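Below: the structure, in structure tokens.
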Amino acid sequence: MSGNGTTAGDDPLQTAVWRLRSRACWADAAALLPPDTPGAALQRAMLLVERCLYTEGGWADAEDALRTAEALAHTDEERGAAACERGQLAYAATLHGVRDRVDEARAALGRAAALIPPGAAGRALLDFRRGLLAENLSRSPQAARAAYRRAHAGATAHTDPLLLSFTWRHLAGLALRDGELAEARHGFAESLRIREELGYLVGTAPALVSLADTEDEPAATRLRDEARRLFRLLGGVPTWLAAQLAPPAAGPVTA
């Protein structure tokens with residue numbers, strides 16, 4: 001989920017990869033990258049793991065890419081990054097009910113923590129993913145909040161705006177759960193602002209829906225309508241937004 005998006009200093013390849021990724025074309029983005037260098041192999045794995053999280057599909061391709069990245073990793077930082085992706089893939093499979101891999105997720109993220117030193121660029125993403133595990137699988141919001149705050153600080157220090165959009169959003173989600181409406185609204189608004197500035201289209205609809213949950217009418221309906229438009233534009237991705245964006249006429253709301 002990390003990545004800075006496009007800047008004036010980006011090379012043409014990375015700009016093309018970012019544009020495809022941001023429009024939910026992860027396989028096309030991965031195909032642009034050479035498979036035989038550690039950095040490119042890790043990036044390919046990250047793209048295909050992200051596709052699994054957003055589409056609930058492509059698991060075999062992600063596993064293959066991840067095994068290649070693990071085989072090519074030679075430094076502790078590369079091994080740590082590969083372990084971080086391994087943990088994320090296991091987390092996504094568990095979250096979407098494909099298979100219970102929570103123990104594998106915890107072990108992989110623990111291995112990554114042992115390999116990626118505090119203060120390194122990859123540590124912020126690792127902290128964020130440990131927060132996801134704590135919030136959504138361990139049901140420990142306090143541990144999740146602490147991990148998200150560490151990730152937020154790391155993303156700020158290393159100028160990773162995309163990761164900041166995620167930490168803002170998830171910290172805001174915890175604030176909303178605690179009834180802190182103003183704090184939640186601010187965090188969701190910051191997340192949406194960053195994603196719109198980066199052109200991260202695939203993450204914009206979820207940000208719109210989250211912000212809508214903190215707004216009064218008619219602003220809430222306007223935000224959800226825009227999210228619905230983007231969701232359809234991207235072919236129904238992310239898949240897990242479908243239930244939240246179903247129009248009221250589609251049937252009664254169920255728990």
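The values are calculated or read from the model by the stated rules, or taken from the named source; none is laboratory data. All values derive from a computational prediction rather than experimental measurement. Heads up, the Cβs are rebuilt from the backbone with ideal geometry, glycines too, and the neighbour counts pull from every protein chain shown. For the accessible areas, the whole protein counts, side chains as well, though only heavy atoms, and no ligand, DNA or RNA atoms are used. Shrake-Rupley method; radii C 1.70, N 1.55, O 1.52, S 1.80 Å.
Please give the length that would be gained between Leu233 and Ala153 if that part of the chain were fully extended, namely 0.36 nm times their separation in residues minus their C-alpha to C-alpha distance (nm, one decimal).
25.4 nm
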Computed over the range 152-237: relative contact order in percent, which uses C-alpha pairs under 8 Å that are six or more apart
22
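If you take the Cα atoms of the range 14-116, find Rg, then find the Kirkwood Rh from the mean of 1/r over all pairs, what is Rg/Rh?
Taking Rh as the inverse mean 1/r over Cα pairs, Rg/Rh reads 0.96.
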Taking 35 Å as R0, compute the FRET efficiency from the Cβ-Cβ separation of Asp28 and Asp178 and round it to 0.05.
0.30
Suppose R0 equals 25 Å; then what is the FRET efficiency for Asp225 and Arg193 from their Cβ-Cβ distance, rounded to the nearest 0.05?
0.85
With +1 on each Lys and Arg Cβ and -1 on each Asp and Glu Cβ, how big is the dipole of the chain about its Cα centre, in debye rounded to the nearest 20?
280
Counting Lys and Arg as +1 and Asp and Glu as -1, what is the net charge of the other residues whose Cβ lies under 14 Å from the Cβ of Arg51?
-4
Can you tell me the accessible area per residue over the chain, all protein chains present, probe 1.4 angstrom, in square angstrom?
46
Restricting to Cα pairs under 8 Å and 6 or more apart, the percent relative contact order of the chain works out to 15
How large are Rg and Dmax for the chain when calculated on the C-alpha trace, in angstrom?
17.7, 55
What FRET efficiency would be calculated for the residue pair Thr15, Ala120, taking the C-beta separation as r and a Förster radius of 35 Å, to the nearest 0.05?
0.90
Expressed as a whole percentage, what fraction of the accessible surface of the range 14-116 belongs to carbon and sulfur atoms when a 1.4 Å probe is rolled over the protein heavy atoms?
52
Throw me the Rg/Rh for the range 158-235, computed over C-alpha atoms with Kirkwood Rh, two decimals.
0.98
What nm value, rounded to one decimal, do you get for the distance between Asn136 and Arg99 when each label is placed 7 Å out toward the C-beta?
1.9
Whole-Å distance linking the alpha carbon centroid of the range 105-167 with that of the range 61-98 is 15
Under a point spin-label approximation (7 Å from Cα along Cα-to-Cβ), what is the Asp64-Glu217 distance to one decimal in nm?
5.0
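Between beta-carbons, use under 14 Å as the cut-off and find the net charge around Gly87, counting Lys and Arg +1, Asp and Glu -1.
Net of charged neighbours comes to +1.
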